[in-house]
Amino acid sequence: MSPHPMAGSTKVLAAVLLVDLVAFGLAIGAVQSHPSARLETDARQEWTYCVYRTDAATALGGAALALLLVGQAVSAIASRCFCCGSAALRPGGARACALVLFLSSWVTFVIAEACLLAGLLQSAYHTGYRKVFFQNPPDCETVRRGTFGAGAAFALFTGVLTSAYYYSFSKSRIHYHRPEAAIGMTPL
């Protein structure tokens, strides 16, 4: 008895969904571990500067960024990036749905990666320096919660769309054999 035709696809689907959900959770963790800053003055009371507390947001955001990339790469490799593969896809609704979901998942993936990268860079920059001010007290900027929050939301959208894409792709691929192109040769 042969294994179920979608058995390999189910494992890939589960792996992609799991990796994307972990990336979402890490991005939410980055939102929750918002960095903080405080004003300090030097020993002679001449300078006022910002001291940023190191936080986990940088590490969590970086891990979410990497895992989201892994999930998208696994999906793209398993489906041969939808358009580059030689697998025959059954014409119809599942194929059209797979195409729309493929494009949508890549759009949300790019947005999620951009948001996570922006939050990651802001967080790493602010926690890595002290800024000295001579006259006015400084405005100690921190990463806006919305940066990692938007990354988390789009990471979730990416996970759902990528999983739906891979399911539709697998559904349109199963049990379809492209008819052979042949030229009819009949005797005259």
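Values in this text are rule-based calculations from the coordinates and carry no lab data. Computed from a predicted structure; not experimentally measured. Reconstructed Cβ throughout: ideal geometry from the backbone, glycine too, with neighbour counts over all protein chains shown.
Remarks
- Each Lys or Arg adds one and each Asp or Glu takes one away; over the other residues whose Cβ falls under 14 Å from the Cβ of residue 66, this sums to -2.
- Full extension of the chain segment joining residue 32 with residue 15 gains 3.5 nm, where the gain is 0.36 nm per residue of separation less the Cα-Cα distance.
- Full-stretch length increase - residue 80, residue 42 - with 0.36 nm per residue and alpha-carbon distance subtracted: 7.8 nm
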